[in-house]
1. Go through region 340-363 and report how many residues are within 18 Å of the chain's Cα centre (by Cα), closer than 14 Å to Tyr459 by Cβ and charged (D, E, K, R).
2. Do we find that Arg358 is closer than 18 Å to Pro308 by Cα and of a type in the set (Lys, Arg) in this structure?
3. Yes or no: region 528-543 includes at least one residue that is within 16 Å of ligand 2 (Cβ to nearest atom) and surrounded by 24 or more Cβ atoms within 10 Å (Cβ to Cβ).
4. So, in region 349-366, of the ones that are touching a residue at least 24 places away in the same chain (Cβ under 8 Å), closer than 30 Å to Ser414 by Cβ and not aliphatic (A, V, I, L, M), which residue ends up farthest from ligand 2 (Cβ to nearest atom)?
5. For a quick check of your reading: which strands (runs of 3 or more DSSP E) sit entirely within region 189-229 and have at least 2 residues that are open to solvent by less than 10 Å² (accessible area, probe 1.4 Å) and modelled with pLDDT of 90 or more?
6. List, please: which pairs have Cβ atoms under 7 Å, are six or more places apart or on different chains, and start with a residue in region 37-58 that is free of Cβ contacts under 8 Å to residues at least 60 places away in the same chain and end with one that is open to solvent by 40 Å² or more (accessible area, probe 1.4 Å)?
7. With a cut-off of at least 2 residues that are touching a strand residue (DSSP E or B) at 6+ places or on another chain (Cβ under 8 Å), more than 16 Å from ligand 1 (Cβ to nearest atom) and more than 20 Å from Pro391 (Cα to Cα), name the helices (runs of 4 or more DSSP H) lying wholly within region 477-557.
8. Using beta carbons and a limit of 9 Å, which pairs, at least six apart or on different chains, have the first residue in region 425-441 and within 13 Å of Ser491 (Cβ to Cβ) and hydroxyl-bearing (Ser, Thr, Tyr) and the second one within 13 Å of ligand 1 (Cβ to nearest atom) and modelled with pLDDT of 95 or more?
Amino acid sequence: MKAAGIPVSRGMALAPAHVVLPWPVFSDEKREFHTPKERQIASVQNAVSSLGTFYTEAANTFYAIGDNTRGDIMVVHNAILHDHALQEEIVRQIRDDYALESAVLRAFRTYSIMISQIDNEYLSQRAADLDDVALRLICTILGRAFPEIRLGDQPVILIAADIPPSVMAGLHAGQVAGVVLTAGGKTSHSAIIAAGLGVPVIVGCEEAQSLIKDGEPVFLDGHSGELHWELLPREVDAFTLMAQRNDRHMEQLSFLAGQPTCTADGTPIQLSANGQDALSCKEINRCGCDGIGLFRTEFLFLDRKVPPSEDEQFFLYQSVVKQMNGRPVTFRTLDMGGDKIIPCFPTEEEANPFMGYRAIRMYLDREDVFTPQIRAILRASAFGKVRIMFPMISNLEEFLSAKGHVLAIQKELSDQGIEYDPQIPIGTMIEVPSAAINADILASHADFVSIGTNDLTQYTLAVDRLNVAVSYLYNHFDPAVIRLIQYTLRSAQQSQKPCSVCGEMASDPLAVPLLLGLGLRHFSVGPGALLRTRKLISLCRLQSCQELASGILRATSAKEVIEQIHRWIPEAYAEWVV
Ligand code: PEP
Ligand code: MG
């Protein structure tokens, strides 16, 4: 049996499936007037007691196998569960007529605000733990299974509707051989983090979750986007061979770690990484690159009830800058809204969140959010090369206002005697068609530009990048997108401003020769794609890429563009495209 999804990250894996139950969502507004309160309170107490036993046993099991980290987490969760203040709050909410799940959610929310005021960095970072304990407690009360990700010694292929980015960020390549998400688009943030693990990832594979049995061997092909299950012995043999070939590729790529990036005719190309946390720096440094071309700062805010303080942000940014050891780090200011829901900054529900109040559009209204962030980034700039980049800019006024705000904060820091880099480059993303069409105007005012092809494709083609139903229309090879990229590259060149591509297109093997031919000399790709992109670039001759690009600029459809690229591909390159 097989099903097709949308490929996100290449590679192949043959491993047992781990089918993850859907993450439950509970309302915090549900009322319950009829069940006697004492009965509700007793069911919470029973659930606390059985969940407490679960935590104790789990901690003992982890300690017995020497996994002290996870053992300690279980102990912390047990302590949260038994906190008197929290239990009293749950009882209070029940007496206020809230249904059990709503009472628990509301009590945890109050509790989280309470501990955030204790002014203890450790406690204020426990938001994800609180969510975890709250969900587990509700599931225990309601007798529902908790969507556990059980990881053992043998890597598994995760099959899930979606996995929250905060949970995905805690996974490691040694535990996970591949990821299949039935929901979301290829540029959803869960998918981007999964791709950062360097394992094959596909999304939009709707059949997978209901048809595959937990534990059965499956074969995931991140090149074609296919997932195979109920494998016959001869299929197992064939897939084993394919996976071995893929492993050989991986081995060949490992020799490129730490090497410079240049084309077959010796032109040096800048290859940067996209990062989102201090952990990703380890993999980025293992592969070696020219810095971080896009640091998505929103990940620090994602799983929090309370926003990170200026100091907490500063410590993260400083750690990233130091780990990059003199290579530039481009911090993109908080890009919230759209699919990036930041619980600590609740906003009104909107009919069209991708077109609405998001990213830079909130910038000047929310000084409480952006001033601490810019101060933290500027303070980190005293420790290495830092650049600031704004997302979703759609006109020059927005860019100039945001830049003016940065300059004002620079002055404030100077007055306070706080060190920062006064020459810090301030740039803009080009991810909205109006920004691309006005790229000459923006490039003349910005210190650098970076093309976000994920959103540029979404907005140019009017296709929601997360909507599986219209994903057949989402294609960065559409001539409209390619023309906007070409115009942006040319405008940046005329203004003598650096220009990179930091969307997923930069790591698409079919796009690499085209982008080189269009004049791109700076690629920024996910950590899992660094080595392969370096390899692909090394197989390209600039002149032949330029010929390819000029042919493609006359193409009339995405299909024709892709056909032209396939016709261009030399034999040595083809091996890396499969
Ligand atoms: C993009 O839109 O291409 C981009 C890099 O930003 P994000 O994927 O975070 O929206
Ligand atoms: Mg974007």
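The values are calculated or read from the model by the stated rules, or taken from the named source; none is laboratory data. Just so it is clear, the structure is predicted and the values come from calculations on it, not from any experiment. Heads up, the Cβs are rebuilt from the backbone with ideal geometry, glycines too, and the neighbour counts pull from every protein chain shown. Note: accessible area is taken over every heavy atom of the protein model, side chains too, but ligands, DNA and RNA are not part of it. Shrake-Rupley method; radii C 1.70, N 1.55, O 1.52, S 1.80 Å.
1. Here the count works out to 1.
2. No.
3. no
4. Tyr363
5. It comes to 201-203, 217-221.
6. Lys37/Arg95; Ile41/Val91; Gly52/His82
7. Output list reads 530-538.
8. Thr428/Met389; Thr428/Phe390; Thr428/Pro391; Thr428/Ile393; Thr428/Ala435; Thr428/Val449; Thr428/Ser450
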